[in-house]
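One structure is given here, and the rest of the page talks about it.
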Amino acid sequence: MAVAEAQLYAKVSNKHRGRSTSALLEPLLAKGFPAHIAQKALVATGQKTIEDAVKWLHSHCNDPSLDDPIPQEYALYLCPTGRLHSRLQDFWQESKRQCGKNRAHEVFPHVTLCDFFTCEDQKVELLYDILKQVGDSFSQSFPPSISLTLHASPSYLGFFIDDIQANVLKEFAVAFSSEASALADCHVKPSLKQFHLTLAHRFYPHHQKTLEQLAKCINPGEPCQWVAALYSRDMRFVHYQRLRALFQYKPQNIDELLINAGDLIYVDPRQQSDVSEGWVIGTSHRTGCRGFLPENYTEKAHESDTWVKHREYVFNTASRPFTKAGKEPNLKLNGEAHNLSISRSVTNVLSLQNAALRRAVLVMSHGERVDQVFGKSWLQQCLTADGKYYRADLNFPSSLPRQKDSMKQFECDPPLSCCGIFQSRLIGEALLDQEVTVSYVYSSPALCCVQTAQHILQGLKLNQKVKIRVEPGLFEWTKWEASRAIPNFMTVAELVEASYDIDTSYRGNFPLSSLVPSESYEDYVSRSSAVIKQIISDCPSKGRFFAFPAVPGVILIVGQGSSLASLTRALTGLPSRDSRDFAQMVRKIPSLGMCFCEEQREENKWKMANPPVKTLTHGANAAFNWRNTIMED
């Protein structure tokens, strides 16, 4: 048992467990469930219905922590509803799309009244009663409307609440904490700092201006009804990451975890160092069971996705009255007043200007290679005794391009598998569906990258129209080459002869002769930075990227997995990763993983955004021998 968990056990083991007379508890006891487990089920489901609790108990029948006496943690939040909540949610989504995820995205819009505290399961009902009683006592004094003032700093953006109204909220929080401490034996600390509703927190400084512009489009005077809501979370997993399962996974081994689509998984980053590549070890929120699961079956979830909402008190007061017809309320940004209608107009004008100025870069890793499926000795599996190529498996390409040198050169420069070709064309078709216009295409000299670019263009119906610029400077970190030598890539003439749409007039910024075997990490980062800056310089704006109306021409770059970090971080001005972190990160990048960067012309900057299409996820398909499998006794 971990030290932290042992301390939690010691903290609660001597607490008195009185039996509740809850109307929900008695039917569970009648079904034969022990009192402490029945109470845990009720608390875990927010004490809503008997059916919810029974379902939870059945799901957790194999939960090794079912008998643990560790209580939940609770927090009291003031949350907006109505049109203001909708506008805040719009900001959440758009800020995440334009600037990426920040700390504020982990939790829904709220004002903290009382931060997290523990309460024994059998006393949680007392908290419900206290919330109602204190809410009733403040129903008449609760502000009829709450004035919000926008405040910004290099690492924080949010609305501050007017001091007079904040004082009433603080009195409410103090009253709740006092009653909870006295009646439910909880140590509750009311929030006494500046009351605020966070919009963004811990973001990159160069995103501040964009976030401010988005925040100015929120009218804080929108109709809103405020509710005081009580939430709980499992205190064992406070510092864990949350993942959401995208697909069902049925265990193949005893140490693997059964997951259903939509399941939430707790993952401790500190326990992943010894886990096999492509896997994580986690604990299911739905079942409480722990085991290994494939990482590419999941996506990141928000912290509050695993929280449980228990009760809320609705303050039935009128929203802010609009006494001046036709006028927009003002907001203050660092003390300066802004009219919202003017701010929206300025934002719209900027968007129209940006539509004629912005460019975008889509960096993509290559499709599935044959050696990734059949191993480093793949070529030996499909050569006849006299050295001729034949297709030993349907996932091998039907033929190999002609090379002037020995066919052995393909061992260090392997082609795509048939699945890799299909993947690439599928991505091209998806880009076409989203009406993405690709103006320029750059590729690493590696054959798998050139083939990926070719088949993406075919999916886009742009083959023959847009030529591939082969750029040696896009090749991966040469230290990772197993042969400790630069591969003997196909020449431009050989690629053209093999019917690849190559720009024969293009001269690379880094000639092949400049690639040094086993280069240092610093040299690789420097090379990547130089080549992406030169590519941007060589590609003026043209065309229009209709899926994102504010972005005109897309520059497609196909490289290895390392390109996604080395190119985009250099382009957006982010520092390079430590070489060890970089290597671990690259291992997690799948075939055709992609990153998307948008140009901020007015700021002379680039920023990360969501790619125009989703990535492609699929399972493994092992080789099958009917004789050994079906006929075996």
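The values are calculated or read from the model by the stated rules, or taken from the named source; none is laboratory data. From a predicted model like this one, the values you see are computed outputs, not experimental measurements. Ideal geometry is used to build each Cβ from the backbone, glycine not excepted, and the neighbour counts take in all protein chains shown. The area values use the complete protein model at the heavy-atom level, side chains included, leaving out ligands, DNA and RNA. Shrake-Rupley method; radii C 1.70, N 1.55, O 1.52, S 1.80 Å.
Which whole-number percent gives the relative contact order of segment 241-303, counting Cα pairs below 8 Å spaced six or more residues apart?
Reported as a whole number, the value is 39 percent.
At 20 angstrom or more along the helix axis (alpha-carbon based) and mean Kyte-Doolittle of 0.0 or higher, what helices does the chain contain? Whole DSSP H runs only.
124-138, 163-183, 340-355, 418-433
Determine which lysines satisfy two conditions relative to residue 31: a Cα distance under 25 Å, and not lying fewer than 8 residues away in the same chain.
40, 48, 55, 123
If each residue of separation counts as 0.36 nm, what is the full-extension length gain between residue 485 and residue 314 once their alpha-carbon separation is subtracted?
Fully extending the segment from residue 485 to residue 314 adds 54.6 nm.
Compute the accessible area per residue over the chain, keeping the other protein chains in place, probe 1.4 Å, unit Å².
For the chain, the solvent-accessible area averages 49 Å² per residue.
Counting DSSP beta bridges with both partners in the chain, what percentage is antiparallel, nearest 5?
80 percent
Over the chain, what percent of the accessible surface lies on carbon and sulfur atoms, probe 1.4 Å?
Here carbon and sulfur together make up 51 percent of the probe-accessible area.
How far apart, in nm, are two points set 7 Å out from the Cα along the Cα-to-Cβ line at residue 408 and at residue 584?
In this crude label model, residue 408 to residue 584 measures out at 3.9 nm.
So which chymotrypsin sites (Phe, Trp or Tyr not before Pro) in segment 559-624 pass both tests, a DSSP loop state and at most 13 other Cβ atoms within 10 Å of the Cβ?
624
Rounded to the nearest Å, what's the spacing between the alpha carbon centres of segment 141-193 and segment 558-633? Just the number, please.
Cα centroid of segment 141-193 versus Cα centroid of segment 558-633: 43 Å apart.
Please compute the Kirkwood hydrodynamic radius over segment 72-235, one decimal place, Å, based on all pairs of different Cα atoms.
After inverting the pairwise mean of 1/r, the radius is 16.7 Å.
Pairs to check: 376/461; 404/467; 250/461; 132/170; 96/216. Give those whose C-alpha atoms are more than 28 Å from each other in this structure.
Among 376/461; 404/467; 250/461; 132/170; 96/216, the Cα-Cα distance tops 28 Å for 376/461; 250/461.
Binning at 5 Å from 0, report for segment 23-144 what percent of all alpha-carbon pair distances ends up in each bin.
Values per bin, smallest distances first: 2, 9, 14, 15, 14, 14, 14, 11, 6, 2, 0.
What number results when the radius of gyration of the chain, computed over Cα atoms, is divided by 2.2 N^0.38 Å?
With N residues counted in the chain, Rg over 2.2 N^0.38 Å equals 1.15.
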